[in-house]
Structure formats: structure tokens, C-alpha cells
Amino acid sequence: MGQEDEAVWTRVCRADEVPANGMKAFAVGGTSVLIVHTGAEFVAFQAMCPHEAIPLEQGIHDGCLLTCLEHTWQFDLKTGAPVGEAEEGLTGYRLREEGGAIYVALE
Ligand code: FES
């Protein structure tokens with residue numbers, strides 16, 4: 001339990017800057033982070049597709065699967081794991097919402 005508190009949380013944006021059921025990329029320090037609103041919660045992943053560095057923000061998601069429209073690689077929004085033809089998964093970041101803002105732990 002105590003371990004959780006040792007994470008360094010970096011503020012990303014206000015929760016209402018991410019469209020409902022949508023997603024948006026933000027620069028957090030030197031890292032581009034994609035915040036996805038799945039409908040039920042917010043999750044955070046690397047912002048670029050691991051295939052050819054296309055912004056995943058330009059793709060689509062249905063709350064469960066994120067699809068990069070460039071070559072339709074798909075990723076599980078719970079885990080970042082590759083689905084179907086995708087050969088690599090996404091790096092995910094722990095996320096927390098507090099006081100109407102979204103924070104991620106980038107380590
Ligand atoms: S760049 Fe995303 S699937 Fe090819």
C-alpha cells in the first residue's frame with residue numbers, strides 16, 4: 001500500500017479537457033501521453049503508435065479497443081496489449097484523478 005504513495009504524480013490536464021468517450025494527447029515533461037476516456041474511466045498510454053509513430057489520438061476507440069487507423073493495429077485499453085495483427089503493445093501509465101485534474105506516474 002505504501003508503495004503507491006511513493007510514485008511521482010505529474011499533472012496532465014483537467015479531466016474535462018478530454019472529450020467524453022474520446023481521447024487526447026498531452027505533452028507531460030518530455031513525454032507524450034494519450035489520455036483515453038473509456039466511458040467508465042480514464043486510462044493513460046504512450047501517445048504514438050508503436051508501429052510507425054503515428055499519433056494514436058488520430059485513431060478511434062470503443063471503450064475496450066483502441067484502433068490506429070493507419071494500418072489498423074489494435075490495443076486492449078485495459079492493458080495496452082496488442083490485439084489481432086498488432087505486433088507490439090502500448091506502454092501504459094498509472095493514472096489518478098483528483099480535484100478535477102488528471103495525474104500520471106511516468107516512471
Ligand atoms: S502506424 Fe499505427 S498501425 Fe501502422
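The values are calculated or read from the model by the stated rules, or taken from the named source; none is laboratory data. Since the structure is predicted, the reported quantities are computational estimates derived from the model, not experimental observations. Here the Cβ positions follow ideal geometry from the backbone for every residue, glycine too, while neighbour counts run over all protein chains shown. Each accessible area value is taken on the protein alone, full model and side chains, heavy atoms only, with ligands, DNA and RNA left out. Shrake-Rupley method; radii C 1.70, N 1.55, O 1.52, S 1.80 Å.
Might you tell me the accessible area per residue for the stretch 2-105, computed with a 1.4 Å probe and given in Å²? Don't jump to the answer; show the numbers that get you there.
Numbers: 5690 Å² over 104 residues.
Heavy-atom accessible area per residue stands at 55 Å².
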Points 7 angstrom from Cα along the Cβ direction at Glu107 and Glu87: gap in nanometres?
3.3
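Run the accessible area of the chain with a 1.4 Å probe and give the carbon-and-sulfur part as a rounded percent.
Values: 2890 of 6090 Å².
Whole-percent figure for carbon plus sulfur exposure: 47.
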1/(1 + (r/R0)^6) with r = Cβ-Cβ of Leu65 and Ala7, R0 = 22 Å, i.e. FRET efficiency to nearest 0.05, evaluates to 0.20
